[in-house]
1. Of Arg11, Arg35, which residue is assigned to a helix (DSSP H, G or I), touching a Lys or Arg at 6+ places or on another chain (Cβ under 6 Å) and open to solvent by 50 Å² or more (accessible area, probe 1.4 Å)?
2. Which condition from (1) more than 14 Å from the chain's Cα centre (by Cα); (2) over 29 Å from Gly44 (Cα atoms); (3) open to solvent by 10 Å² or more (accessible area, probe 1.4 Å) is the one that Phe118 breaks?
3. Please go through region 125-158 and pick out each residue that is of a type in the set (Gly, Ala, Ser) and either touching a Leu at 6+ places or on another chain (Cβ under 8 Å) or surrounded by 19 or more Cβ atoms within 10 Å (Cβ to Cβ) (or both).
4. Output the residues belonging to region 159-183 that are open to solvent by 40 Å² or more (accessible area, probe 1.4 Å) and β-branched (Val, Ile, Thr).
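The values are calculated or read from the model by the stated rules, or taken from the named source; none is laboratory data. Just so you know, these numbers come straight off a predicted model, no measurement behind them. No Cβ is skipped: glycine too gets one built from the backbone with ideal geometry, and neighbour counts run over all protein chains shown. Side chains included, ligands, DNA and RNA excluded: accessible areas come from the protein's heavy atoms. Shrake-Rupley method; radii C 1.70, N 1.55, O 1.52, S 1.80 Å.
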Amino acid sequence: MIRHRTALIGRIAWTLIALALLASFAAALSSDSVRNFDAAVRFGVHQWASPTLTELMQVITVLGSVRFLGSAFAIAIAGFLMAGWRQSAVTLAWTMAGAIVLENAMKYAVHRARPEPFFGTEPDTYSFPSGHALLSSCFYWVLAEVLAGRARSEPARAAIWCVAILLVAAIGLSRIYLGVHYPTDVLGGYLTAAFWVGSVKSIRGLRRGRKDDG
C-alpha cells in the first residue's frame, strides 16, 4: 500500500511538472529567445542534410503519422484483447483518444503557423504542438510499458524501453530535419505527452487506491 501511494504521488508530481512546463513553454513561443533557439536548431540540423539522410527521415517520420499509428493502434488493441490484456487495451484506447483531443485543441488554441519546410510540402494544420511527437510518444510509451511489464528479464525490459525512446526521439528529429516543425513544436509535443500519460496513470492509480481502501 505504501509503495503504491508513493508511486501515485510520483505520477501526480510528474503530471503537474509537465503541465507547468508546457504552460510556460506555450506562453513563451513568441519570445525572441524561443525564435532564436528554433532558428539555431533548424539551421544546425539542416547542415547535416543529404539525399540518403532525407530518405531515411522520410521513412522514420511515417512511423509517427496518424495513418501508421492508426493501423498500429488497431493491431495492438486486437493483440491485447486476444492475449486477455483488457486493462492494457482500455489504457491504450483512452491514452490515444485523449492525445488526439489535446493535439487538436492546442493547435487551434495556440494558432502557430508552420515554418518553411526544407523537404516536402507544408502540412495544412497548425504547428504547435507536433502531432507526430505527441501521438508517437503516447502510443510507444504505453506499448513499451505493457510489453516491458510482461518481459521476463531486466535486459529485455531495458531493450524495449530503449527502442521506444530512440524511436520517439528519431520521429521528433525527423520533423525538425524535414522542416515541417519548429524544434519547440516537437518539445511541446513531448511535454504534452508526458502530461497526458501521467494523467492517465494517475487516474488509474487513484481508482486502484479507492478499490484497495474499499
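1. Values: Arg35 fails: touching a Lys or Arg at 6+ places or on another chain (Cβ under 6 Å).
Answer to the selection: Arg11.
2. Just one mismatch for Phe118, condition (2).
3. So in region 125-158, the residues of a type in the set (Gly, Ala, Ser) come out as 127, 130-131, 133, 136-137, 144, 148-149, 151, 153, 156, 158.
Result: Ser127, Ser130, Gly131, Ala133, Ser136, Ser137, Ala144.
4. Ile160, Val163, Ile165
To keep it simple, each residue is scored yes or no on (1) open to solvent by less than 70 Å² (accessible area, probe 1.4 Å); (2) among the aliphatic types (A, V, I, L, M); (3) in contact (Cβ under 8 Å) with a residue 60 or more places away in the chain.
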position	(1), (2), (3)
Ile60	yes, yes, yes
Arg67	no, no, no
Ile75	no, yes, no
Leu81	no, yes, no
Gly84	yes, no, no
Leu92	yes, yes, no
Thr95	yes, no, yes
